[in-house]
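Below: one structure, written as structure tokens.
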Number of protein chains: 2
Amino acid sequence: MSILKLSAFIATVPFASLADPLPSWTESDSKQQIIGFVEAVTDPANKDYVTPAERIAVFDNDGTLWAEQPVYFQFIFAMDRLTEMAEQDPSILTTPALKAAAKGDVATVLDGGHDALIEVVNASHSGVSVDAFQDSVTTWLEIARHPETNLPYDQMTYQPMVELLRYLRDEDFKTYIVSGGGLHFMRVFADHAYGIPPEQILGTYGETTYDASGGSPVINKTPGIAFVDDKDGKPINIERTIGRRPILAGGNSDGDFAMMEWTTAGEGPRLGVLIHHTDADREWAYDRESAVGRLVDGLDKGPEMGWVMVDMANDWSRIYTGAN
Amino acid sequence: MSILKLSAFIATVPFASLADPLPSWTESDSKQQIIGFVEAVTDPANKDYVTPAERIAVFDNDGTLWAEQPVYFQFIFAMDRLTEMAEQDPSILTTPALKAAAKGDVATVLDGGHDALIEVVNASHSGVSVDAFQDSVTTWLEIARHPETNLPYDQMTYQPMVELLRYLRDEDFKTYIVSGGGLHFMRVFADHAYGIPPEQILGTYGETTYDASGGSPVINKTPGIAFVDDKDGKPINIERTIGRRPILAGGNSDGDFAMMEWTTAGEGPRLGVLIHHTDADREWAYDRESAVGRLVDGLDKGPEMGWVMVDMANDWSRIYTGAN
């Protein structure tokens, strides 16, 4: 088609249908707020214009970019990995929490509190090189299926959010994940699932060591959590790693509150996008009382801070990137 | 000029003089090794081709991108800042090390060893918001002059390295600083001095806190060093922050050895660039015996690892970006 014919063709198509950057979002206020913000900060003639270098957008992962029920997917991975490791060597299950985890007994592990979780994380996420650990995540993602949807976990990403990430990048935003989840775990799928490369992923991380003693240097994962990327840790990690205050932040739980508060309290145009899980039919409905993804502060204070309060049931015409 | 006329013009100019990406490098082996590497990894027809996403280049700062004699410039900043703070409130000089630092008495501070240095860093680099701290660095860079060259410190960057950084970016490399120097200190000048944005700077960092109690949330610098980005810390921090093994690493001291070893031991094409300070006339000549920028391992093992051993006196036709 020639340029002239193409122009004529475009002129006959309603602009919105040709250009809709967020097709899985219904024509709601949420969608309009997001598009209005992006159009303002990318228009050099607009008073709210922001240079591309400062167009930093940060997103939580669990419950914001993919599902997190009935329990964080990385926790399911940890239990599956422990089960597999124990098949090779049962003696590694040295504590009640580890024995429970290897049986997939979530309740008992959670009853053990913080110490039990650390035991499970240390046993399943250390004593291995970063490369070998990430290979095990790759294999798990290929095999494992969600107990309720039967989808591979990396197809339980939210189609509307994948569209939002792409839209922002198309408009010269740099998109980051800032998650309480594990850095090395997320890096395995974030590039193909979200288009977010390893260097734009911030998360909780364990201790690592550099070992060149074997001739070929390697980075190993060792026991102990070096940094928890949750609550106040999120703005701290963003400042430390990115060094700029984002202009857009998306989250869904109280763990994201500080990140969204810091982002949206900055001078100039800012946008907070809070995902509220309201869809018991297509996903899950939970907030104030949930053990996973508890949301109180954002519900109470988000509206007065001007955040976009995304109502999943009403604002999203489709949920998962995988068939559903 | 029309395209045709432009083509004719280009055809009359010797290609090298038009295209030389490293004009401040003499026509040495070092320059040829660097250009040969970059041409190989960017040529899709070459067996050593590397996709743009994997073209990660990391550089030390002190002694690699700018000078570091007679003592790390950040240390001079710390002393200047302490002097200024003490003029407002002399009671902050609570220890012999702090009193010495505020008088610019480097020797006494260094005699005090690690504890003395921590005292000076804590007193001069904490108790302030990140924003306010960085404002103080900006002001210092405007006023302070190097005791021997009388240049502003951010003009004591090395012109050949600034050209190398630009050349790499023109060839779709992503350039990073990975320095034992302070993260917040470097971010103030790295963008204008090197074209490296805040999110591509890794360095040593102190503890920070998120404080929203005053209504307007702020990140504050508090006492204590959270991470030392030196020696093994460099590959650890690169893995943690970038999540990819670089294909090119530049450094000048034993603090850079692990980063360069890890980089160049990777599979496929890799390049190590070691800056050897050999120019007592135009800069400084030092290596094995130097208190600052001590270089032993790189000199001994670099050649057998195939590193480019940059001889400043012979390989660089110009040293500083500032007049000299």
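The values are calculated or read from the model by the stated rules, or taken from the named source; none is laboratory data. A quick note: this is a predicted structure, and the numbers were derived from the prediction, not measured. Because the Cβ atoms are built from the backbone with ideal geometry, glycine has one as well, and the counts that use them run over all protein chains shown. Protein only, heavy atoms only, side chains kept; ligands, DNA and RNA dropped before computing areas. Shrake-Rupley method; radii C 1.70, N 1.55, O 1.52, S 1.80 Å.
Pop out the carbon and sulfur fraction of the accessible area of the stretch A:142-187 as a percent, whole number, probe 1.4 Å. Don't skip to the answer; put the middle values down first.
Numbers: 620 of 1590 Å².
It is 39 percent, rounded to a whole number.
For the Cα trace of the stretch A:73-143, dividing Rg by the Kirkwood Rh returns an Rg/Rh value of 0.95. Couplings for the stretch A:205-211, taken from phi via the Karplus curve 6.51 cos²θ - 1.76 cosθ + 1.60 with θ = phi - 60°, read 9, x, 5, 9, 10, 9, 10 Hz in order; Gly and Pro are left as x. Where chain A is rotated onto chain B, the residue of A whose Cβ comes nearest the axis, and that gap in whole Å, is A:THR241, 3. When the stretch A:191-307 is described by a simple charge dipole with +1 on each Lys and Arg Cβ and -1 on each Asp and Glu Cβ, the residue from A:TYR286, A:TYR205, A:VAL273 located farthest towards its positive end is A:TYR205. Run the label-point distances for A:ASP131 please: 7 Å along Cα to Cβ, every other copy, nanometres, shortest first. Here the equivalent label points are 4.5 nm apart from this one.
Would you mind checking the pairs A:LYS99/A:LYS231; B:LYS99/B:LYS221; B:LYS234/B:LYS301; B:LYS174/B:LYS231; A:LYS174/B:LYS231; A:LYS221/B:LYS47 and listing those with alpha carbons more than 26 angstrom apart? The partial results should precede the final answer.
Working: A:LYS99/A:LYS231 30 Å; B:LYS99/B:LYS221 22 Å; B:LYS234/B:LYS301 18 Å; B:LYS174/B:LYS231 22 Å; A:LYS174/B:LYS231 30 Å; A:LYS221/B:LYS47 33 Å.
Too far apart for the 26 Å limit: A:LYS99/A:LYS231; A:LYS174/B:LYS231; A:LYS221/B:LYS47.
How big a patch of accessible area, both sides summed and in Å² to the nearest 100, lies buried between B and A at a 1.4 Å probe? Each step should come with its number before you reach the end.
Working: alone 15140 and 15140 Å², together 27440 Å².
Using a 1.4 Å probe, the pair buries roughly 2800 Å².
On a per residue basis, the protein assembly as shown carries 42 Å² of accessible surface, using protein heavy atoms and a 1.4 Å probe. Interface burial in the stretch A:211-227 reaches 30 Å² or more for A:PRO217, A:ILE219, comparing the full protein assembly with the chain by itself; accessible area from heavy atoms with a 1.4 Å probe. Taking amide H as placed 1.01 Å from N in the peptide plane, the amide H of B:VAL178 sits under 5 Å from that of B:PHE59, B:ASP60, B:ASN61, B:LEU202, each at least 5 places away or on another chain. Distances between placed amide hydrogens fall under 5 Å for A:GLU68 paired with A:GLY63, all partners being 5 or more residues away or on another chain.
About the Cα centre of the protein assembly as shown, how large is the charge dipole given +1 on each Lys and Arg Cβ and -1 on each Asp and Glu Cβ? Please answer in debye to the nearest 20.
Details: 48 positive and 98 negative charges, 199 e Å.
It comes to approximately 960 debye.
For B:LYS103, the aspartates and glutamates whose Cα comes closer than 19 Å to its Cα, not counting residues fewer than 8 places off in the same chain, are B:ASP80, B:GLU84, B:GLU87, B:ASP89, B:ASP111, B:ASP115, B:GLU119, B:GLU148. Treating each Cα of the protein assembly as shown as an identical point scatterer and summing with the Debye formula, the log10 of I(q)/I(0) at q = 0.05, 0.08 Å⁻¹ comes to -0.26, -0.68. Relative to the longest principal axis of the Cα atoms of chain B, the long axis of helix B:73-88 lies at roughly 30 degrees.
Ranked from shortest, the separations from the 7 Å Cα-to-Cβ label point of B:THR26 to its equivalents in the other copies are 7.4 nm.
Axis angle, to the nearest 10 degrees, between helix B:3-12 and the longest C-alpha principal axis of chain B: 90 degrees.
Amide H to amide H distances under 5 Å link B:LEU271 with B:LEU248, B:ALA249, where only residues 5 or more positions off or on other chains count and H is placed in the peptide plane.
Springs between alpha-carbon atoms under 10 Å, Gaussian network over chain B: tell me which of B:PRO52, B:PRO217, B:PRO90 tops the mean-square fluctuations. The residue that fluctuates most here is B:PRO217. Note on chain A: with charges restricted to the Cβ of Lys and Arg (+1) and Asp and Glu (-1), its dipole about the Cα centre is near 620 debye.
Beta-bridge orientation, the protein assembly as shown: approximately 40 percent antiparallel, per DSSP, counting only bridges with both partners inside.
3J(HN,Hα) along the stretch B:155-162: 9, 9, 6, 8, 4, x, 6, 4 Hz, from the Karplus curve 6.51 cos²θ - 1.76 cosθ + 1.60 with θ = phi - 60°, whole Hz, x for Gly and Pro.
Between the helical axis of A:113-125 and the dominant principal axis of chain A, each derived from Cα atoms, what acute angle in degrees is found, rounded to the nearest 10? Once rounded, the angle reads 90 degrees. Each residue of the stretch A:31-44 is assigned a 3J(HN,Hα), and the resulting list reads 4, 5, 4, 5, 5, x, 5, 5, 5, 5, 6, 9, 9, x Hz, derived from the Karplus form 6.51 cos²θ - 1.76 cosθ + 1.60 (θ = phi - 60°), x at Gly and Pro.
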